[in-house]
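Peer 1: I'd like to ask some things about the structure below.
The values are calculated or read from the model by the stated rules, or taken from the named source; none is laboratory data. No experiment lies behind these values; they were computed from the predicted model shown. Backbone-built Cβ (ideal geometry, glycine too); neighbour counts: all protein chains shown. Note: areas computed on protein heavy atoms with side chains; ligands, DNA, RNA excluded. Shrake-Rupley method; radii C 1.70, N 1.55, O 1.52, S 1.80 Å.
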Amino acid sequence: MSFEPAREDRFSAGLWCTAFRGREVFGREVRGELDPLDNIRGLAKIGCFGFNFHDDDLVPFGSSAADTTRILKDARRVMNETGAFCGMATCNMFEHPVFKDGALTSNDARVRAYARQKAMRAIDMGAELGASVFVMWGGREGLEVEASKDPIEAIERYREGVEFLANYIHGSAYQMRIAIEPKPNEPRGDIFLATAGHVLAFVATLDPSVREMVGVNPEIQHSRMAGMNSVHEIAQCIEAGKLYHIDLGAQKPSRFDQDLRFGSEDIKETFFVVKLLEESGWDGTRNFDVKPYRTDVGDEVFDLIAGCMRSYLVLRDKARRYGKDREIQQLVAQLRIEDPELADLSEWSRDNAKALKERRFDLGAMSERRLGYQKLDQLVFDLLTGAR
Ligand code: GLT
Ligand code: MN
Ligand code: MN
């Protein structure tokens with residue numbers, strides 16, 4: 001196995017990942033600027049043909065319409081030269097001071113309107129480069145001071161903003177869907193739409209005319225920050241038909257958003273994420289939202305993405321082995337007990353309900369059943385560590 005990424009693997013990464021200069025709360029930038037076009041080239045060179053961008057990652061904030069057109073044209077040219085594709089576009093609604101207290105949910109109607117304007121322009125840029133997804137990460141949509149916002153009104157404003165932008169996409173005849181990215185906190189003390197569950201519930205309240213267009217962009221790191229099981233979060237999005245994008249990376253629980261190299265933490269949970277994506281037949285890009293270490297220099301920022309892809313391919317291979325492993329498959333198969341009589345009773349009818357109420361169960365046998373989980377989990381460990 002070479003674990004070399006191929007174009008068909010449809011890996012992608014955000015331009016902001018490799019361009020991250022290492023600025024954080026306690027320290028200034030440690031790396032120089034990375035030209036966005038070189039960034040796209042660098043990613044394609046290592047086999048990551050997909051890239052994602054915030055408006056400001058590619059087109060400097062405040063650029064004129066003419067400059068915007070020129071830059072997008074240059075990006076197109078580099079895409080043609082390198083075979084790179086744009087998977088997703090998004091709008092930076094968190095960096096500029098005007099968004100200090102929110103964007104679409106701000107108490108200031110002017111800020112809310114400006115946020116919509118900036119988002120529409122970002123959508124146009126994405127459409128120009130062929131992005132099929134527009135991610136909405138509401139990093140600033142939250143608060144530190146509980147008295148500062150009416151939390152119900154905030155959700156209403158959020159809904160109006162999302163519906164407006166979905167209508168904009170639809171009205172522009174762009175082939176693009178919206179994926180809302182949840183996060184519990186950071187940079188705000190508390191962020192609205194904290195988890196994938198919140199987003200799923202929110203999407204269900206959208207106007208039916210746009211509901212189909214809006215789904216979720218779960219991020220493993222954000223799940224783990226919230227102390228959740230990322231496999232289950234992603235699975236629920238898939239089951240609801242709402243996994244419109246994904247941000248893969250790694251994270252130790254209960255910390256700031258670390259955005260570590262995919263696979264570098266909790267290998268077992270990460271394996272089950274890969275297995276889930278592969279077995280579900282989900283056809284979105286395998287996208288990484290990660291940050292270089294502050295200690296990385298030069299092209300080590302590309303080693304980060306190369307490592308993510310390699311880890312994904314290693315785990316994909318493990319998932320295939322898991323599927324073919326007779327002992328594991330036998331144990332898993334034994335877990336299911338079906339009963340034709342009960343299957344007949346499972347459909348709702350008054351008669352079935354009556355029959356089910358009267359049915360006798362052998363609770364002793366059911367309770368004492370041996371499940372073999374010690375062995376199963378050990379086999380997974382052995383498989384992942386190469387002992388098997
Ligand atoms: C930012 C954030 C990510 C989001 C990006 C999209 S920007 O880096 O931490 O989780 O996906 O806006
Ligand atoms: Mn993300
Ligand atoms: Mn993150």
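Peer 1: Kirkwood Rh, segment 205-281, all Cα pairs: how many Å?
Peer 2: It is 13.0 Å.
Peer 1: Right, here's the next one. Per 5 Å bin, what is the whole-percent P(r) computed from every C-alpha pair distance within segment 320-388?
Peer 2: 3, 13, 18, 15, 12, 11, 10, 8, 6, 3, 1
Peer 1: Okay, moving on. On C-alpha positions alone, give me the angle between the axis of helix 151-171 and the longest principal axis of the chain, in degrees, nearest 10.
Peer 2: Relative to the chain, helix 151-171 is tipped by roughly 70 degrees.
Peer 1: Determine Rg/Rh for segment 100-256; Rg is computed over alpha-carbon atoms and Rh is the Kirkwood hydrodynamic estimate from the same atoms.
Peer 2: That ratio is 0.95, to two decimals.
Peer 1: List the equivalent ellipsoid semi-axes of segment 41-90 in whole Å, largest first, each obtained as the square root of 5λ for an eigenvalue λ of the Cα gyration tensor.
Peer 2: Its equivalent ellipsoid spans semi-axes of 21, 12, 8 Å.
Peer 1: If you place +1 on the Cβ of every Lys and Arg, -1 on the Cβ of every Asp and Glu, and leave all else neutral, what size is the dipole of segment 98-166 about its Cα centre, to the nearest 20 Debye? Could you put the intermediate results ahead of the total?
Peer 2: Values: 10 positive and 12 negative charges, 51 e Å.
Dipole of segment 98-166, to the nearest 20 debye: 240 debye.
Peer 1: Further question on the same structure: Once the mean 1/r over all distinct Cα pairs of segment 1-92 is inverted, what Kirkwood radius in angstroms do you read off?
Peer 2: Hydrodynamic radius (Kirkwood, Cα only) of segment 1-92 equals 14.1 Å.
Peer 1: Next question, about the same structure. Of LYS183/LYS275; LYS252/LYS318; LYS45/LYS268; LYS100/LYS149, which ones are farther than 20 Å apart at the Cα?
Peer 2: Working: LYS183/LYS275 23 Å; LYS252/LYS318 22 Å; LYS45/LYS268 30 Å; LYS100/LYS149 14 Å.
Correct reply: LYS183/LYS275; LYS252/LYS318; LYS45/LYS268.
Peer 1: Compute the whole-percent fraction of alpha carbon pairs in segment 91-184 spaced more than 22 Å apart.
Peer 2: That fraction is 25 percent.
Peer 1: Which value, in debye to the nearest 20, describes the size of the charge dipole of segment 256-373 about its Cα centre when Lys and Arg Cβ atoms bear +1, Asp and Glu Cβ atoms bear -1, and nothing else is charged? Please list the in-between numbers first.
Peer 2: On the way: 21 positive and 25 negative charges, 77 e Å.
For segment 256-373, the charge dipole is close to 360 debye.
Peer 1: For segment 266-370, just the Cα set please: Rg and Dmax, both in angstrom.
Peer 2: Gyration radius and largest Cα-Cα distance of segment 266-370: 23.0, 71 Å.
Peer 1: Which whole-number percent gives the relative contact order of the chain, counting Cα pairs below 8 Å spaced six or more residues apart?
Peer 2: Relative contact order, the chain: 15 percent.
Peer 1: Hey, got the dipole for the chain? About the Cα centre, +1 on K and R Cβ, -1 on D and E Cβ, debye to the nearest 20?
Peer 2: 440
Peer 1: Let me know the longest stretch in the chain that avoids all GluC sites (Glu not before Pro) found in a DSSP loop with at most 16 other C-beta atoms within 10 Å. Before the final figure, lay out each step's value.
Peer 2: Working: sites that count: GLU29, GLU33, GLU95, GLU144, GLU212, GLU338, GLU347.
Result, exposed sites excluded: 213-337.
Peer 1: Could you tell me the center-to-center distance, by alpha carbons, between segment 87-131 and segment 143-159 in angstrom?
Peer 2: The two parts, judged by their Cα centres, are 18 Å apart.
Peer 1: Kindly write out, for segment 173-186 in residue order, the coupling ³J(HN,Hα) from the Karplus curve 6.51 cos²θ - 1.76 cosθ + 1.60 (θ = phi - 60°), rounded to whole Hz, with x marking Gly and Pro.
Peer 2: Coupling constants for segment 173-186: 6, 7, 8, 9, 10, 9, 10, 8, 9, x, 6, x, 6, 6 Hz.
Peer 1: From the residues THR18, ALA6, GLY32, which one has its Cα farthest along the dipole of segment 1-41 in the positive direction, the dipole being from +1 and -1 charges on Cβ of Lys/Arg and Asp/Glu about the Cα centre?
Peer 2: GLY32
Peer 1: Right, next: Tell me the accessible surface of ILE71 in square angstrom (1.4 angstrom probe, heavy atoms of protein chains only), to the nearest ten.
Peer 2: Approximately 20 Å² of ILE71 is accessible to the 1.4 Å probe.
Peer 1: Among SER349, TYR168, GLN221, flag the residue with its Cα farthest along the positive direction of the charge dipole of the chain, charges on Cβ as +1 for Lys/Arg and -1 for Asp/Glu.
Peer 2: The residue sitting farthest along the positive end of the dipole is GLN221.
Peer 1: Regarding segment 173-224, what is the average projected area of its C-alpha convex hull, in nm²?
Peer 2: 4.3
Peer 1: Put +1 on the Cβ of every Lys and Arg and -1 on every Asp and Glu Cβ in the chain; which of VAL78, ALA103, HIS198 then has its Cα farthest towards the positive end of the dipole?
Peer 2: VAL78
Peer 1: I've got another one for you. Can you give the convex hull volume per residue for the Cα atoms of the chain, as a whole number of Å³?
Peer 2: On the way: hull volume 72.6 nm³, N = 388.
Value for the chain: 187 Å³ per residue.
Peer 1: Name the chymotrypsin sites (Phe, Trp or Tyr not before Pro) in segment 23-117 that are in a loop by DSSP and that have at most 16 other C-beta atoms within 10 Å, would you?
Peer 2: PHE26, PHE61
Peer 1: Are there trypsin sites (Lys or Arg not before Pro) in segment 321-374 that DSSP marks as loop and that have at most 11 other Cβ atoms within 10 Å, and which are they?
Peer 2: ARG336, ARG359, ARG360, ARG369, ARG370
Peer 1: Please give the net charge around ASP351, taking every other residue with its beta carbon less than 15 angstrom from that of ASP351, where Lys and Arg add +1 and Asp and Glu add -1.
Peer 2: Here the count lands on 0.
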